[in-house]
Amino acid sequence: MNSKKKYSNLIKTEAERLGFLSCGISKAQFLEQEAPRLEKWLNQEMHGEMQYMENHFDKRLDPTKLVPDSKSVISLLLNYFPSHLQKDKTAPKISKYAYGTDYHFVIKDKLKQLLNFIQQEIGEVHGRAFVDSAPVLDKAWATKSGLGWIGKHSNLLTQQVGSFYFIAELIIDLELEYDNPITDHCGSCTACIDACPTEAIVEPYVVDGSKCISYYTIELKNEIPLSVKGQFKNWMFGCDICQDVCPWNRFSKSHREPLFNPQPELLSMNKKDWEEITEETFQKIFKNSAVKRTKYSGLVRNIKFLKE
Ligand code: B12
Ligand code: SF4
Ligand code: SF4
């Protein structure tokens, strides 16, 4: 076995041991196909007020500009599909990804462990760990590495486990053996496009971020426009509709990460409890959660918006 293959296998085995769902590797290079698509998306202002998406255009498309001398992008998936959902079906809903501890902390820790392992087992390897927050096109890299395909709802998915997982990367200066993309299995299905209540999936594979409930409830700092009132289908933080209706998510399996388990109240609170939530309860339930991103005032704004 050549050393590239040996090291790649070693890294993938350790990633699995650390709890990642899967791991795939690509050559660090300019993302030629994605460049015009990202440019068009930005020109059409599909990022709305997410100004961070305008920054670092060149670095976002080329990891060698982000991490000098980098050779490989190691993509990793971490499952977050919960075993239990909110009990009261009439209560305002929180996206499954935000049930437990903020994934940035959980994943960063695992990425650091993987990088340490590589440095111990292979030698002087330099690199950086990324999860969501940096200018990296997470889905494009995971696709290139064969971890799934981009569905018409624009999320990465697989036939085996659907799409309820996070994507993260290690970008390192070691050459490895590279994986190949897999084929698209959306076929003639349009379930996600048909189900999106705000018509945010403007064409297959393209989501207008500025029309997505996830954007309105998490990213938007100002008031939510009245033009979308009545369209949120009870989602108060993020939205899972396009993934919930996807036939491949019938194959989702519950995660095994204890830190992703929610505080029990999150599942047991009923509609009235949410409508009357105090700042104290908010701080308790969402202590280390990604929901803190909206702050108490943001969540209250969202809950009020759902009321007639
Ligand atoms: C900005 C952002 C958002 C925005 C915009 C969404 C979007 N689709 O871009 C908003 C706030 C709306 C959002 C919502 C959500 N997000 Co988000 N988001 C991001 C972020 C930070 C950047 C994404 C980005 O670069 N968008 C720019 C546009 C240009 O990219 P794009 O949609 O990928 O566009 C590509 C396709 O359109 C494609 N394309 C265009 N035409 C065609 C044609 C064909 C044939 C093909 C194959 C492709 C294709 O090319 C484009 C460029 O690659 C990433 C993290 C990261 N750093 O990557 C997370 C990320 C994409 N989000 C994630 C999640 C979980 C969500 C939500 C599910 C959260 C929720 N439950 O509310 C929703 C899903 C909404 C949806 N259907 O997309 C995960 C997705 C995991 C996965 N399995 O894919 C990511 C990767 C975070 C992470 N690290 O795990 N998000
Ligand atoms: S997350 Fe919800 S609003 Fe956003 S594209 Fe999917 S179904 Fe539409
Ligand atoms: S719902 Fe259908 S079209 Fe949408 S991502 Fe899933 S398989 Fe593809």
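Consider residue 125 carefully, then state whether it is within 13 Å of ligand 1 (Cβ to nearest atom) and either within 20 Å of residue 67 (Cα to Cα) or touching an Asp or Glu at 6+ places or on another chain (Cβ under 7 Å) (or both). When the stated conditions are applied, residue 125 does not pass them. Could you go through segment 110-130 and let me know if any residue there is in contact with a His (Cβ under 9 Å, 6 or more places away or on another chain) and buried (at least 21 other Cβ atoms within 10 Å of the Cβ). No, that holds for no residue. Within segment 238-254, being charged (D, E, K, R) and in a helix (DSSP H, G or I) holds for 244, 250. Residues in segment 207-218 that are near ligand 2 (Cβ under 10 Å from one of its atoms) and within 17 Å of the chain's Cα centre (by Cα): 207, 208, 209, 212, 213, 214, 215, 216, 217. Of the set (1) within 25 Å of residue 302 (Cβ to Cβ); (2) of a type in the set (A, V, I, L, M); (3) out of contact with any Cys (no Cβ under 7 Å at 6 or more places or on another chain), all apply to residue 176 but (1). Checked against (1) within 21 Å of residue 102 (Cα to Cα); (2) away from ligand 1 (no atom under 13 Å from the Cβ); (3) among the hydrophobic types (A, V, I, L, M, F, W, C); (4) surrounded by 23 or more Cβ atoms within 10 Å (Cβ to Cβ), residue 172 passes all but condition (1). The numbered conditions (1) in a helix (DSSP H, G or I); (2) closer than 15 Å to residue 165 by Cα; (3) in contact with a Ser or Thr (Cβ under 9 Å, 6 or more places away or on another chain) are all true for residue 216 except (2).
The residue pairs whose first member lies in segment 203-218 and is among the hydroxyl-bearing types (Ser, Thr, Tyr), whose second member is modelled with pLDDT of 95 or more and within 16 Å of ligand 3 (Cβ to nearest atom), and whose beta carbons are closer than 7 Å, counting only pairs six or more residues apart or on different chains, are 205/150; 205/152; 205/154; 214/239.
Every condition in (1) surrounded by fewer than 18 Cβ atoms within 10 Å (Cβ to Cβ); (2) assigned to a loop (DSSP other than H, G, I, E, B); (3) modelled with pLDDT of 95 or more is met by residue 232 except one, and the failing one is (1).
For the criterion of being touching a residue at least 40 places away in the same chain (Cβ under 8 Å) and within 21 Å of the chain's Cα centre (by Cα), residue 301 fails. Residue count for segment 219-245 satisfying the condition of being closer than 28 Å to residue 158 by Cβ and within 10 Å of ligand 2 (Cβ to nearest atom): 10. Quick one: would you say residue 106 is surrounded by fewer than 20 Cβ atoms within 10 Å (Cβ to Cβ) and closer than 27 Å to residue 56 by Cα? No: the conditions fail for residue 106.
Take residue 150 and tell me if it is under 18 Å from residue 60 (Cβ atoms), modelled with pLDDT of 95 or more and surrounded by fewer than 22 Cβ atoms within 10 Å (Cβ to Cβ). Taking the combined requirement at face value, the residue satisfies it.
Can you say whether residue 274 is at pLDDT 95 or above and either on the phi > 0 side of the Ramachandran plot or in contact with a Leu (Cβ under 7 Å, 6 or more places away or on another chain) (or both), as far as the supplied structure shows? Answer is no for this residue. Residues in segment 138-170 that are within 13 Å of ligand 2 (Cβ to nearest atom), more than 20 Å from residue 33 (Cα to Cα) and of a type in the set (Gly, Ala, Ser): 163 only. The residue that is farthest from residue 188 (Cα to Cα), among those in segment 142-151 that are more than 12 Å from the chain's Cα centre (by Cα) and within 9 Å of ligand 1 (Cβ to nearest atom), is 143.
The values are calculated or read from the model by the stated rules, or taken from the named source; none is laboratory data. Since the model is a prediction, treat every value here as computed from it, not as a measurement. Heads up, the Cβs are rebuilt from the backbone with ideal geometry, glycines too, and the neighbour counts pull from every protein chain shown.
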